[in-house]
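Below: the structure, in structure tokens.
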Amino acid sequence: MFTIRQAQADDCLLINQLAANVFPATYKDILSQEQLEYMFDWMYAPQNIRKQMEEGHVYFIAYEKCEPCGYLSVQQEEENLFHLQKIYVLPAFQKAHAGNYLFHEAIKYIKKVHPAPCRMELNVNRNNKAVGFYERMGMKIAREGDFHIGNGYYMNDYIMAIEL
């Protein structure tokens, strides 16, 4: 049985630790080691997570019993547009439907803070097997983008969307 709670600023180190396990496992076959390390520091250094929170990223941490097993973050970008910035599950929990649980919790949160119809989008690497997961969750590929993130690196993503 999964539970979830909204993360606070003092959870930045826990999110960093979870990401240290899941991020390399997710991208080891997609990104170079150098890009993976660059992106990890850019996105998951505790001070950068705290800055994201200050900029409106709302983080949640999922638990299986008492063990943290995944996290997500959602950010409102426009009046009727939310972005699922992050959704990751530790490898040991990926076959236990933790991702499904987190995805639905993101939707539940968005509907709570914005009951009117809106859209949720997310970026996913075009070579990430998670594309199939998001399609099973009802998302559609809306467009593609190649985003320069510094140091000569790009994120080559699909932007997927679902109407809520």
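The values are calculated or read from the model by the stated rules, or taken from the named source; none is laboratory data. All figures in this text were calculated on a predicted structure; none of them were measured in a lab. All Cβ positions, glycine included, derive from the backbone under ideal geometry; neighbour counts span all protein chains shown. Surface accessibility is based on the protein's heavy atoms, side chains included, excluding ligands, DNA and RNA. Shrake-Rupley method; radii C 1.70, N 1.55, O 1.52, S 1.80 Å.
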- request: Report, ordered by the first and then the second residue, all pairs with beta carbons closer than 9 Å, sequence separation of six or more or different chains, a first member in segment 1-23 that is within 15 Å of residue 54 (Cβ to Cβ), and a second member that is basic (Lys, Arg) and in a helix (DSSP H, G or I).
  value: 9/50; 12/50
query: Restricting the search to segment 108-129, which residues are more than 26 Å from residue 79 (Cβ to Cβ) and touching a helix residue (DSSP H, G or I) at 6+ places or on another chain (Cβ under 8 Å)?
result: 125, 128
- request: Only residues that are of a type in the set (Gly, Ala, Ser) and either within 17 Å of residue 72 (Cβ to Cβ) or open to solvent by 50 Å² or more (accessible area, probe 1.4 Å) (or both): list them for segment 146-164, please.
  value: 152, 161
- line: Out of (1) within 11 Å of the chain's Cα centre (by Cα); (2) part of a helix (DSSP H, G or I); (3) of a type in the set (Ser, Thr, Tyr), the one residue 26 does not meet is (1)
- prompt: From the set of residues in segment 117-145 that are touching a residue at least 12 places away in the same chain (Cβ under 8 Å), open to solvent by 100 Å² or more (accessible area, probe 1.4 Å) and not in a strand (DSSP E or B), which is nearest to residue 5 (Cα to Cα)?
  reply: 117
Unique residue being free of Cβ contacts under 8 Å to residues at least 12 places away in the same chain, closer than 20 Å to residue 52 by Cβ and not hydrophobic (A, V, I, L, M, F, W, C) when the list is 83, 148, 114: 148
- request: Filter segment 1-34 down to residues that are over 22 Å from residue 100 (Cα atoms), among the aliphatic types (A, V, I, L, M) and modelled with pLDDT under 95, then give me how many there are.
  value: 2
